[in-house]
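The values are calculated or read from the model by the stated rules, or taken from the named source; none is laboratory data. All values derive from a computational prediction rather than experimental measurement. Every residue, glycine among them, receives a Cβ derived from its backbone with ideal geometry; neighbour counts consider all protein chains shown.
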Amino acid sequence: MLGTPVILEDCLETIDPMYEPILEKQIEGQGTKLTIKLGDGVKEYSPDFRFYLTTKLSSPHYPPEVCVKVAMLNFMVTEEGLEDQMLSVVVKNEDPKKYEQRNQFITQEAENNRIKKELEDKILNQIAGASSNLLEDDDLINTLDESKAKYEQIERSLKDMENNIKNINAVRDHFKPVAKRVARYFFCLSDMGHIDPMYQYSLKWYSMIFQRSLEQSEKSDNKQTRSLNIIEEFTLQLYNNVCQSLFEKDKLLFSYLICLKVMDERDELDQIENRFMLTGGIQVEPKEPNPASHWLVDKAWCTIEEMSDKIPHFKGFDKEFRDEVKVWEKIYNSPQPHNVEESEWPEKWVEDTMFHRIMILKILRPDKIVPAIQGLISEEKELGTKFIQPPPFDLKRNYEEAK
């Protein structure tokens, strides 16, 4: 090993045992040389050698015995960082002057801080090297006078910048909903990677779609309307582009993830309910006898009991189910239980959200979950039916976008 760095790319969660001597630094000294056993041979080792392992997995899980041997760095973008990045992109597109002014103010502020630090260091150095009588040190007095004048100049500059920064921040505040939504959608793509490792999307590609959406979305002098237009255009373009790379079975799942992100942003999604919806119950033994054993399996009744205990919104649902078991049997036997107009849901649940009805359907009629989720996406005011109808493959359009 000559001391040059080596990078091993695209590692998975299992690392080949042949790299163990390097990870454990099994270095031995032979005379004036350092050696390491690698494979069947002994190699000369340089202290300047560095070994880097990279992975494209979004959240890899390595065992503890690997973690203690390496220094792990996560370069995955955070939602807050991506939101600030997308906010700069949209402000640059909508108001380039304000964008440039903000960058100039940031640069000027950094320069002012540098000057202040230099003045402080200069004063401290002169005090440290001054004679015992500081009042007779003309150089020190002149430095203090100059520093005072420069400090006052910097303070005036900061006050002038303050009002301008408020105006710039007002423009940024108008487009924060856009940046927040765009940042959230990116993590829908990250979640798709858990479904199939083939689903990998770069931030550069994602930013390109956002830039195209800014250019093609409907213009408006009203910033709130303009923000809604950008969000609508970007959501549709993202869906259309991503669907071109998804298997048919995963396209509805992607729409559902987008829908959940929108609901969560408006505080309409309880994460405990969402987790229960995705994972189901773990209770295996019923606390009370199954009141509908002739048509409801015991596992479903256990889930109803667990949901009543763990989720505040469904508190007492097990008792309600026992009291109205014939009503729920009609829903169970209905050909379209996901459609409140075609099935006789209790009034309480008719007026409730579609998401809560889906949670009940997953227990009673799991075979109707797909059309129920399609209904949820269609009802979502920011999505609609176009997000459950994937676009046909367009070779010409894909070719143009790939240029």
Quiz prompt | Cβ-Cβ under 9 Å pairs, at least 6 apart or on other chains, the range 145-174 side closer than 25 Å to residue 90 by Cα, far side in a helix (DSSP H, G or I) and of a type in the set (Asp, Glu) | solution = 161/109; 171/94; 174/94
Quiz item: Out of all the residues in the range 63-74, is one or more out of contact with any helix residue (DSSP H, G or I) (no Cβ under 7 Å at 6 or more places or on another chain), over 30 Å from residue 198 (Cα atoms), not aromatic (Phe, Trp, Tyr) and not assigned by TED's automatic domain parsing to the domain that holds residue 229?
Solution: no
Quiz item: Which one of these is touching a Gly at 6+ places or on another chain (Cβ under 7 Å) and among the acidic types (Asp, Glu): 341, 306, 329?
Solution: 306
Quiz item: Is it the case that residue 206 is closer than 19 Å to residue 78 by Cβ, in the same structural domain as residue 251 (by TED's automatic domain parsing) and either surrounded by 11 or more Cβ atoms within 10 Å (Cβ to Cβ) or not hydroxyl-bearing (Ser, Thr, Tyr) (or both)?
Solution: yes
Practice problem: Check whether at least one residue in the range 258-281 is surrounded by fewer than 18 Cβ atoms within 10 Å (Cβ to Cβ) and aromatic (Phe, Trp, Tyr), and report yes or no. | Solution: no
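Residue-by-condition table, conditions (1) among the polar types (S, T, N, Q); (2) closer than 30 Å to residue 217 by Cα; (3) in contact with an Asp or Glu (Cβ under 7 Å, 6 or more places away or on another chain):
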residue: 242; (1), (2), (3): no, yes, no
residue: 252; (1), (2), (3): no, yes, no
residue: 263; (1), (2), (3): no, yes, no
residue: 275; (1), (2), (3): no, no, no
residue: 312; (1), (2), (3): no, no, no
residue: 315; (1), (2), (3): no, no, no
residue: 327; (1), (2), (3): no, no, yes
residue: 333; (1), (2), (3): yes, no, no
residue: 350; (1), (2), (3): no, no, no
Quiz prompt | residue 182 vs. criteria under 15 Å from residue 89 (Cβ atoms), modelled with pLDDT under 90 and in a helix (DSSP H, G or I) | solution = no
Quiz item: Looking only at the range 290-338, which residues are in contact (Cβ under 8 Å) with a residue 12 or more places away in the chain and among the β-branched types (Val, Ile, Thr)?
Solution: 303, 304, 311, 325, 327, 331
Practice problem: Considering only residues that are among the charged types (D, E, K, R) and more than 24 Å from the chain's Cα centre (by Cα), look in the range 50-91 and name the one that is modelled with the highest pLDDT. | Solution: 50
Practice problem: Looking only at the range 1-24, count how many residues are among the hydrophobic types (A, V, I, L, M, F, W, C), over 34 Å from the mean Cα position of the chain (by Cα) and surrounded by 14 or more Cβ atoms within 10 Å (Cβ to Cβ). | Solution: 2
Quiz item: Residues in the range 260-316 that are assigned to a loop (DSSP other than H, G, I, E, B) and more than 30 Å from residue 181 (Cα to Cα): how many?
Solution: 19
Exercise. For the range 94-115, enumerate the residues that are crowded, with 16+ Cβ neighbours inside 10 Å and either touching a residue at least 40 places away in the same chain (Cβ under 8 Å) or not aromatic (Phe, Trp, Tyr) (or both).
Key: 94, 95, 98, 101, 102, 105, 112
Practice problem: Identify the single condition in (1) surrounded by 12 or more Cβ atoms within 10 Å (Cβ to Cβ); (2) outside any loop (DSSP other than H, G, I, E, B); (3) modelled with pLDDT under 85 that residue 145 does not satisfy, given that it satisfies every other one. | Solution: (1)
Quiz item: So is residue 155 assigned by TED's automatic domain parsing to the domain that holds residue 98 and either out of contact with any strand residue (DSSP E or B) (no Cβ under 9 Å at 6 or more places or on another chain) or part of a helix (DSSP H, G or I) (or both) or not?
Solution: yes
Self-check item: Condition check for residue 27: at pLDDT below 85, touching a helix residue (DSSP H, G or I) at 6+ places or on another chain (Cβ under 6 Å) and surrounded by 13 or more Cβ atoms within 10 Å (Cβ to Cβ)
Solution: no
Self-check item: Residue satisfying all of: in the range 371-400; part of a loop (DSSP other than H, G, I, E, B), without any contact (Cβ under 8 Å) to a residue 40 or more places away in the chain and within 27 Å of the chain's Cα centre (by Cα); farthest from residue 336 (Cα to Cα) among these
Solution: 381
Quiz item: Quick check: anything in the range 346-353 of a type in the set (Phe, Trp, Tyr), free of Cβ contacts under 8 Å to residues at least 60 places away in the same chain, within 19 Å of residue 326 (Cα to Cα) and in a helix (DSSP H, G or I)?
Solution: yes
